[in-house]
Amino acid sequence: MGNATSSVAAKFAFFPPNPPSYNIIVDEATGKMKFSDVNYQRDNVDLLKLRTNKGNEIVAMYVKNPSASLTVLYSHGNAADIGQMYHTFTELSVHLNVNLLGYDYSGYGQSTGKPSEQDTYADIEAAYKCLEMYGVKQEDTILYGQSVGSGPALELAIGLPRLRGVILHSPILSGLRVMYPVKRTLWFDIYKNIDKIPLVDCPVLVIHGTEDEVVNVSHGKQLWELCKEKYEPLWLKGGNHCNLELYPEYLRHLKKFISAIEKLQHPRNGLDLKPNDQSHQALNNADRNKEKSRPSTDYRDNSRPSFGHREKSRLSTDSREKARASIDKKERSRRSMDRHTKARNITDHPERARNSFDRLGEMVRSVGLCNVDCLKQTTAEV
């Protein structure tokens, strides 16, 4: 079943730039690798090759900021590679005052192998392990997932209980839901973010354009609704899938989020995030500025409190923390059983699944989640 899912993913989710935007050469003076096709390269950027547990070798770049206390692990969108993202990464490092590690998925840029859902999970795992080489701790890491990159970002996030934060930029509910508003998660769907976002324990920022014609803004709004730890979202009026970086509000809101995250104390006992008064007020902006999002058709959990209210309850007693942990464990067990039930239902009706996939066949081949190519076009028009 895993191979079948990866096969479906390869048909409609991955469009690496062809040819790649960069080549790699070794600087004779320093012995360091560098891009041969990127202008104005900076001395504070390390170019790396990382081995994944799938046997591929992926290319990554680490932007060092000596004054940074936090590090962003950036999973880029489709139709892009890190050669095209080089200047975006270096500028974000400066303006947000963070270290930043960006990487190419298998089959993208000069990374070996072919792209698949499971390979992207192995890719981000290798990138995250690389951060250990630089002494970056889990509690000082923020995951950034753009478009398709929201898939590997959330897959990694649910396994990191001490993660500092998550940023979702034009995220998807799942691969299939980009094309068709299915109400149940089907076995051949990929990047089932809708099922994973409720399991993320750290603050989550969602950014989405209201006029996104590739991934409707309802994807971002529904994911935000399902977050445990909501941070004030950014719905960029008039923004599409590929031009959000051009809006002044984009960078301002990212700075605001990073500032609030920096003021949070380090996680206690591997679970709790305890803000001081300033960060508590900043993170509670989500409650005061919450927009009325379209009701969820796939998943609803209106009983989950906001980040601020959860923090107040955490300060009560240890016994209440244990009780909540027990309840969360039961909820996760129930979700797991629900997903297994859905899987059994779909396998009980193989013809229905095949017919659904056949109907989507042409749509599958026509969909691409882009970012850099159309961003260039937008910039040229401005």
Identity of the residue in the range 44-63, without any contact (Cβ under 8 Å) to a residue 60 or more places away in the chain and surrounded by fewer than 18 Cβ atoms within 10 Å (Cβ to Cβ), that ends up farthest from ASP104 (Cα to Cα): ASN44
Looking at the range 186-208 only, could you name the residues that are out of contact with any strand residue (DSSP E or B) (no Cβ under 9 Å at 6 or more places or on another chain) and not acidic (Asp, Glu)? LEU186, TRP187, PHE188, ILE190, TYR191, LYS192, ILE194, LYS196, PRO198, LEU199
Going through the range 203-228 one residue at a time, which ones are farther than 18 Å from ILE172 by Cβ and buried (at least 22 other Cβ atoms within 10 Å of the Cβ)? PRO203
Please state which of the following conditions TRP224 fails to meet, knowing it meets all the rest: (1) out of contact with any Lys or Arg (no Cβ under 9 Å at 6 or more places or on another chain); (2) closer than 28 Å to LYS183 by Cβ. (1)
Looking at the range 139-154, is at least one residue out of contact with any Ser or Thr (no Cβ under 9 Å at 6 or more places or on another chain) and surrounded by 24 or more Cβ atoms within 10 Å (Cβ to Cβ)? yes
Inspect all residues belonging to the range 165-176 and state whether any of them is among the small types (Gly, Ala, Ser), part of a helix (DSSP H, G or I) and within 14 Å of the chain's Cα centre (by Cα). yes
Quick one: PHE89 ticks every box in (1) in contact with a helix residue (DSSP H, G or I) (Cβ under 9 Å, 6 or more places away or on another chain); (2) under 24 Å from PHE15 (Cβ atoms); (3) touching a residue at least 60 places away in the same chain (Cβ under 8 Å); (4) among the hydrophobic types (A, V, I, L, M, F, W, C) except a single one, so which number is it? (3)
Got at least one residue in the range 122-129 being in contact with a Lys or Arg (Cβ under 6 Å, 6 or more places away or on another chain) and without any contact (Cβ under 8 Å) to a residue 60 or more places away in the chain? no
Counted residues in the range 198-235 being in contact (Cβ under 8 Å) with a residue 60 or more places away in the chain, charged (D, E, K, R) and not in a strand (DSSP E or B) come to 4
For a quick check of your reading of the model, give me the residue pairs whose first member lies in the range 32-43 and is touching a residue at least 60 places away in the same chain (Cβ under 8 Å) and outside any loop (DSSP other than H, G, I, E, B), whose second is surrounded by 12 or more Cβ atoms within 10 Å (Cβ to Cβ) and not aliphatic (A, V, I, L, M), with beta-carbon atoms closer than 9 Å and at least 6 apart or on different chains. none
Looking only at the range 82-115, filter to residues that are part of a loop (DSSP other than H, G, I, E, B) and within 16 Å of the chain's Cα centre (by Cα); which one of those is farthest from SER21 (Cα to Cα)? TYR105
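Coordinate-derived values only; no laboratory data. Predicted model only: the values in this text are computed from it and were never measured. Backbone-built Cβ (ideal geometry, glycine too); neighbour counts: all protein chains shown.
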